[in-house]
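Asker: Please see the structure below; I have some questions.
The values are calculated or read from the model by the stated rules, or taken from the named source; none is laboratory data. The shown structure was predicted, so the numbers you read here are calculated from the model rather than taken from an experiment. Every residue, glycine among them, receives a Cβ derived from its backbone with ideal geometry; neighbour counts consider all protein chains shown. Heads up: the accessible areas ignore ligands, DNA and RNA and are worked out on the full protein's heavy atoms, side chains in. Shrake-Rupley method; radii C 1.70, N 1.55, O 1.52, S 1.80 Å.
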Amino acid sequence: MTVRTPLLAFPGAATAVGPPALLIKPESLQPTGAFKLRGAYNAISTLLAGEQQAADPDAAADPDARPSGVVAHSSGNHGFAVAYAAALLGIPAAIVVPDNAPTVKTDLIRGVGAEIVTVAPTLAARIEASSRIARERGYAEVPPFDDRRVIAGQGTIGLEIAEDLASAGVGFAVPAAVLVPVAGGGMISGIAVAVKSLLPGTRVIGVEPEFAADARDSLRAGRRVAWAPADTARTKADALRVEQVGEVTFPHIQALVDDIVTVSEAEIRATVRRLALEGRLVAEPGGAVAVAAALYRDPAELGLTSSDTAAPVIAVLSGGNIDPTLLADILRD
């Protein structure tokens, strides 16, 4: 099951974002080390309950609607989340991963008993393999982002942010901005729905690596723009190497996301280091990008004005499944 993660003040925020406090939502504290468990558990539990029951909570579950297993394609974190949730719910799982997926993540997937299927490091190869397994085995597909059940699960991050900010313990009612890492767009879509509904006036800003800025380009172009796998492979933020935002998520992004900014590889590394040393939080490169934008982008670059100075900036730390060797290398910087 998922845990409710806190909002934590970052000690060094005053040197970067000025008067607004920087609050971090550390999804690295989830049992699987990343936010993906929220969407995976919601999707699989809904599938096991049957689509009829999902539409009508009072209806009896249809045994024929229950899948014999689940399959997902993922660079790592979604795959581990699906494998973990499937193990909890007692259903087999097959996870399709690119052949350049970090060993630290594939080891976690194997560790909870899921089958791993390795393919070429392209989104097309992952989708094809996942669809084939679903057809041949009767497994239900659990997409990493382009699924309303997954988006709804990720949106609980936004609900928690709104509830915690309303509590007396935090002391702020409305944040100036919520910064969210972007890959396929599932997390930012869900968070944006909650934030725009419950925290009017708050900016929702996506953050990507400079080497994988397809979502930024898509938002600017008004259509889904794809990046070549060879280009996105340059970033160490493996969790954000998706070449194109989803068909389901992009309309959410267009309607609800105020802007998408990018951060450099050097800024990502520096943020992973600062989170460890100053915040006592472990972050993988893809998980750190929103915090990097808060630390290394001028408030004006985030669309913040002088009227926002009394409000906090919130950054979602989306995952902490970093290779120990890479973390040690970054800490030596």
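Asker: Shape verdict for the chain, please, from the Cα gyration tensor: rounded (a/c under 1.5), prolate (a/b greater than b/c) or oblate.
Answerer: Here the chain falls in the prolate category.
Asker: Still on this model: I'd like the accessible area for Asp146, computed on protein heavy atoms only with a 1.4 Å probe and all protein chains in place. Round to 10 Å², please.
Answerer: 50 Å²
Asker: Determine the order of Thr262, Thr235 by accessible area, beginning with the largest, at a probe radius of 1.4 Å.
Answerer: Most to least solvent-accessible, the answer reads Thr262, Thr235.
Asker: Please give, to one decimal in nm, the separation of the simple spin-label points placed at Ala166 and Ala124, each 7 Å out from Cα toward the Cβ.
Answerer: Roughly 4.7 nm, to one decimal.
Asker: What figure in square angstrom, to the nearest 10, would you give for the accessible area of Lys196 with a 1.4 Å probe?
Answerer: 70 Å²
Asker: Given points 7 Å out from each Cα along the Cα-Cβ axis, report the Arg132 to Leu89 separation in nanometres with one decimal.
Answerer: Placing both labels 7 Å beyond Cα along the Cβ direction yields 2.6 nm.
Asker: Compare Glu267, Glu136, Glu128 by solvent-accessible area with a 1.4 Å probe and give them largest first, with all protein chains kept in place.
Answerer: Glu136, Glu128, Glu267
Asker: Just to be sure I understand: with springs between alpha-carbon atoms less than 10 Å apart, which residue in Arg280, Arg216, Arg234 has the highest mean-square fluctuation in the Gaussian network model of the chain?
Answerer: Arg280
Asker: Give me the accessible area of Glu247, 1.4 Å probe, in Å² rounded to the nearest 10.
Answerer: Around 130 Å² of this residue is reachable by solvent.
Asker: Using +1 at the C-beta of Lys and Arg and -1 at the C-beta of Asp and Glu, which of Leu199, Thr235, Leu165 has the Cα lying farthest in the positive direction of the dipole of segment 163-255?
Answerer: Leu199
Asker: Another question, then. Once you charge only the Cβ atoms, +1 for Lys and Arg and -1 for Asp and Glu, what is the size of the charge dipole of the chain about its Cα centre, to the nearest 20 debye?
Answerer: With only Lys, Arg, Asp and Glu charged at Cβ, the dipole is about 280 debye.
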